[in-house]
Amino acid sequence: GLRQISQRTISTASRRQFENRVREKQKLFQEDNGIPVHLKGGLMDAVLYKVTMGLTVFGTAYVIYELYVASMPKKQN
């Protein structure tokens, strides 16, 4: 008896808390509006994309700088 009551309350509570929004998201991401799929999520996607690109450019420049420093012979005293 107690097991059935606890299962009912858990399943009922979860239905009330969360709505199934999969269809909305499918429509959003399948819409042909010229926006790349990795930016269709909104402002947060755009911010994450720009931060990732910035870190990539900075990391590439830093690696090139370190390779340049490593390729120069050290002066002997």
Please indicate, with yes or no, whether at least one residue in region 5-12 is at pLDDT 90 or above and not in a loop (DSSP other than H, G, I, E, B). no
On the basis of being at pLDDT 95 or above and more than 26 Å from the chain's Cα centre (by Cα), does Tyr65 make the cut? yes
All but one of (1) under 30 Å from the mean Cα position of the chain (by Cα); (2) exposed (fewer than 10 other Cβ atoms within 10 Å of the Cβ); (3) at pLDDT 85 or above hold for Thr52; state the number of the condition that does not hold. (2)
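The values are calculated or read from the model by the stated rules, or taken from the named source; none is laboratory data. Everything numeric here is computed off the predicted structure, so don't read it as measured data. For neighbour counting, all protein chains shown are included, and Cβ atoms are generated from backbone atoms with ideal geometry for every residue, glycine included.
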